[in-house]
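Participant: Provided herewith is a single structure, encoded as structure tokens, for subsequent inquiry.
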């Protein structure tokens with residue numbers, strides 16, 4: 001049987017949509033675009049794709065997840081590692097130790113305090129741009145979402161609204177805050193049709209880092225309870 005912590009993990013995983021803010025690099029084309037006033041949506045998307053295409057990221061993250069039906073607001077923090085295509089590793093330090101890993105095919109969620117591993121199919125959970133998949137393959141944004149440019153209350157960010165082309169209960173829409181100077185995605189807020197919300201922001205980001213294959217695989221320890229996650 002799944003305990004309350006397991007339910008929260010699964011709900012949070014389904015809401016998980018990740019933004020990575022990256023250290024500015026030597027991208028003269030991006031800086032040229034950023035200098036232009038009133039950029040079109042197309043140019044903003046071009047800038048995001050140039051920044052994130054075929055790249056690896058690491059950053060500290062702060063996460064706030066609200067599950068309306070359970071009247072739960074959960075705060076979490078840790079480190080995230082993402083590598084193209086489809087590879088992700090989330091290391092949670094607070095409130096409890098846990099790690100979420102995918103190699104693009106398999107998914108593992110390990111909670112050492114509960115002596116428990118949940119495992120399943122990554123494509124089932126992250127198909128059609130769900131979760132962090134569009135950041136490990138940035139072109140999925142155009143392929144899987146209808147995108148509109150919102151009026152921003154800040155002089156520093158472009159605000160984008162992503163509506164899934166294929167309607168699901170998991171995602172009603174996603175809001176991206178994008179740096180006007182660097183095209184870094186600095187915030188992602190995800191909403192679903194149940195009124196739940198997940199907000200993630202990142203600190204001390206690093207871009208184009210070397211991430212070993214071992215970060216995106218997991219060997220299940222002996223004696224750990226294994227639960228199969230079904231979509």
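The values are calculated or read from the model by the stated rules, or taken from the named source; none is laboratory data. Since we're looking at a predicted model, the values are computed, not measured. As a convention, Cβ positions derive from the backbone with ideal geometry for all residues, glycine included, and neighbour counts pool all protein chains shown.
Participant: Under 6 Å between Cβ atoms, at least 6 apart or on separate chains: pull out the pairs that start in the range 118-136 with a residue that is under 18 Å from residue 167 (Cβ atoms) and end on any residue that is buried (at least 19 other Cβ atoms within 10 Å of the Cβ) and modelled with pLDDT under 65.
Facilitator: 131/16
Participant: Please determine, by comparing only the residues of the range 172-196 that are part of a loop (DSSP other than H, G, I, E, B) and closer than 25 Å to residue 58 by Cβ, which one is nearest to the chain's Cα centre (by Cα).
Facilitator: 184
Participant: Of the residues that sit in the range 99-146 and are modelled with pLDDT under 80 and not in a helix (DSSP H, G or I), which one is farthest from the chain's Cα centre (by Cα)?
Facilitator: 130
Table: residues versus (1) at pLDDT 90 or above; (2) closer than 22 Å to residue 55 by Cβ; (3) buried (at least 18 other Cβ atoms within 10 Å of the Cβ).
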position	(1), (2), (3)
167	no, no, no
185	no, yes, yes
214	yes, yes, no
228	yes, no, no
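Participant: Scan 149, 162, 203 and give me the residue that is in a strand (DSSP E or B) and exposed (fewer than 13 other Cβ atoms within 10 Å of the Cβ).
Facilitator: Going through 149, 162, 203 in turn, the sole match is 203.
Participant: Of all residues in the range 79-94 being touching a helix residue (DSSP H, G or I) at 6+ places or on another chain (Cβ under 7 Å) and free of Cβ contacts under 8 Å to residues at least 60 places away in the same chain, which is nearest to residue 126 (Cα to Cα)?
Facilitator: 86
Participant: A follow-up question, please. Collect the residues in the range 137-151 that are farther than 28 Å from residue 211 by Cβ and without any contact (Cβ under 8 Å) to a residue 24 or more places away in the chain, keeping them in residue-number order.
Facilitator: 146, 151 - these are the residues of the range 137-151 that are farther than 28 Å from residue 211 by Cβ and without any contact (Cβ under 8 Å) to a residue 24 or more places away in the chain.
Table: residues versus (1) more than 23 Å from residue 219 (Cα to Cα); (2) assigned to a strand (DSSP E or B); (3) free of Cβ contacts under 8 Å to residues at least 40 places away in the same chain; (4) in contact with a helix residue (DSSP H, G or I) (Cβ under 6 Å, 6 or more places away or on another chain).
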site: 38; (1), (2), (3), (4): yes, no, yes, no
site: 48; (1), (2), (3), (4): yes, no, no, no
site: 59; (1), (2), (3), (4): yes, yes, no, no
site: 63; (1), (2), (3), (4): yes, yes, no, no
site: 77; (1), (2), (3), (4): yes, yes, yes, no
